[in-house]
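Enquirer: Dumping the structure here so I can ask a few things about it.
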Amino acid sequence: MNLIEIRDLNWHYGDKMILQDVSLSIKRGNFYAIVGPNGSGKTTLLKNILRHLEPEKEAIFVDGKDLMAYSHKGLALQLSAVPQNTQIAYDFSVHEVVMMGRSAHIRRFSSSTKQDDDIVKGAMMITDTWHLKDASVLEISGGERQRVIIARAIAQESQIMVLDEPIANLDINHQIQVLDTVKKLCVEKGLTVITVLHDLNIAGQYADEIILVKDGAILDKGAPELVLREELIAAVYGDNFYIMTHPMTQKPLVIPMSTFMTI
C-alpha cells in the first residue's frame, strides 16, 4: 500500500482552478521533488497534503486513512512541515522552537523527557543549529532560521516530511548539508520526503522521483532521467535548455542556454 494516495484532487480559488484532477501515489521511504514554473500549483498541492487547505473528502489518503479523518495530533505524527515562510512572530529561543516539534509526542500538561531533549539536540546538531540554541529566533539570519525550522521538522519524527523550497535562503554549503541530511533520513530511517524545488539539477541529483507540474496538472512523474528530458523541459519552461549527463552521478543536468549570448 502506498503511504500517500491522492485521487482526482481539484482545488480552486474563486473561479480560478489551481489544481486539476491531480492523482499521485507516494511510496514509503522515497524522496519526491515537485518542480514546475511559478504559479503552477506546487505550493497549493503541498498545502492540501498538509491540510493547511481543506482538501475534498476522500481525495487524499495517508497510510490508508482519509486525511480529513485524522486528529491534529494524529496528523502531526504522520506529517511534518517546512514552509516557505519561516517567520516566527514571538520571541522564542531557537531551542524552544525546535522543541515544539516534540509537542505531538509529549502528553498534555507534561514536560519533555531526556529522550525528547536528546532528539532535539540531535536534530540541531545535524542541521548545524546547536550553537544557536540560546539565541532569539527573531535575531538570527533568514538562512539560520530556515535550518532551525528543518531541525524542528526532524525532531517531530513523523513518517513524512513536506518541505516547500527548503533551500531557498541557504548558501550552497548549507543547501548540500540540509539535503544530504534529509536524503540520509530517507535511506537510513525510511522517512518519506515531498519537497518543492526550483533548481532542476538539485532535484535531479537527490530525488528518487520527480513530479513535474504545469498549470495545476501533473505533466509527468518518474525517475529524474525519465522526467528531465529535453522535450518535457521545453514543454514546461521553453526550449532554451540543453540536457547532459553528470559525469560522476550519471544523473541528468539541465543547462540553461542564454537567448542573448551567441556561441
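Enquirer: Starting from residues that are at pLDDT below 90 and hydrophobic (A, V, I, L, M, F, W, C), keep the ones in segment 85-96 and report whichever is farthest from ILE194 (Cα to Cα).
Expert: ALA89
Enquirer: In this structure, is GLN146 among the polar types (S, T, N, Q), touching an Asp or Glu at 6+ places or on another chain (Cβ under 9 Å) and crowded, with 16+ Cβ neighbours inside 10 Å? Explain how you work it out, then say what you get.
Expert: Values: among the polar types (S, T, N, Q): yes; touching an Asp or Glu at 6+ places or on another chain (Cβ under 9 Å): no; crowded, with 16+ Cβ neighbours inside 10 Å: yes.
Here the answer is no, as GLN146 does not meet what is asked.
Enquirer: Continuing with the same structure: Restricting attention to segment 177-185, does a residue exist that is among the acidic types (Asp, Glu), within 14 Å of the chain's Cα centre (by Cα) and assigned to a strand (DSSP E or B)?
Expert: Our first condition is that a residue be among the acidic types (Asp, Glu); within segment 177-185, this holds for 180.
Going one step further and asking which of them are within 14 Å of the chain's Cα centre (by Cα), we end up with 180.
Checking the rest, the ones that are also assigned to a strand (DSSP E or B) come to none.
Within segment 177-185, not a single residue is among the acidic types (Asp, Glu), within 14 Å of the chain's Cα centre (by Cα) and assigned to a strand (DSSP E or B).
Conditions tested, residue by residue: (1) modelled with pLDDT of 95 or more; (2) among the small types (Gly, Ala, Ser); (3) under 22 Å from ILE34 (Cα atoms); (4) in contact with a Lys or Arg (Cβ under 8 Å, 6 or more places away or on another chain).
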{"site": "PHE61", "(1), (2), (3), (4)": "yes, no, yes, yes"}
{"site": "PRO83", "(1), (2), (3), (4)": "no, no, yes, no"}
{"site": "VAL98", "(1), (2), (3), (4)": "yes, no, no, yes"}
{"site": "HIS105", "(1), (2), (3), (4)": "no, no, no, no"}
{"site": "LYS114", "(1), (2), (3), (4)": "no, no, no, no"}
{"site": "ASP128", "(1), (2), (3), (4)": "no, no, no, yes"}
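Enquirer: Taking the condition of being assigned to a strand (DSSP E or B) and without any contact (Cβ under 8 Å) to a residue 40 or more places away in the chain, how many residues in segment 7-49 meet it? First the steps, then the outcome.
Expert: The first filter runs over segment 7-49 and keeps only residues assigned to a strand (DSSP E or B), leaving 7-13, 16-26, 31-35.
Checking which are without any contact (Cβ under 8 Å) to a residue 40 or more places away in the chain leaves us with 12-13, 16, 25.
The qualifying residues number 4.
Enquirer: Run MET68 past the list (1) surrounded by fewer than 23 Cβ atoms within 10 Å (Cβ to Cβ); (2) touching a Lys or Arg at 6+ places or on another chain (Cβ under 6 Å); (3) within 17 Å of LYS221 (Cβ to Cβ) and report the number of the one that doesn't hold.
Expert: (3)
The values are calculated or read from the model by the stated rules, or taken from the named source; none is laboratory data. Because the structure is a prediction, the values reported are computed rather than measured. Cβ: placed from backbone, ideal geometry, glycine included. Neighbour counts: every protein chain shown.
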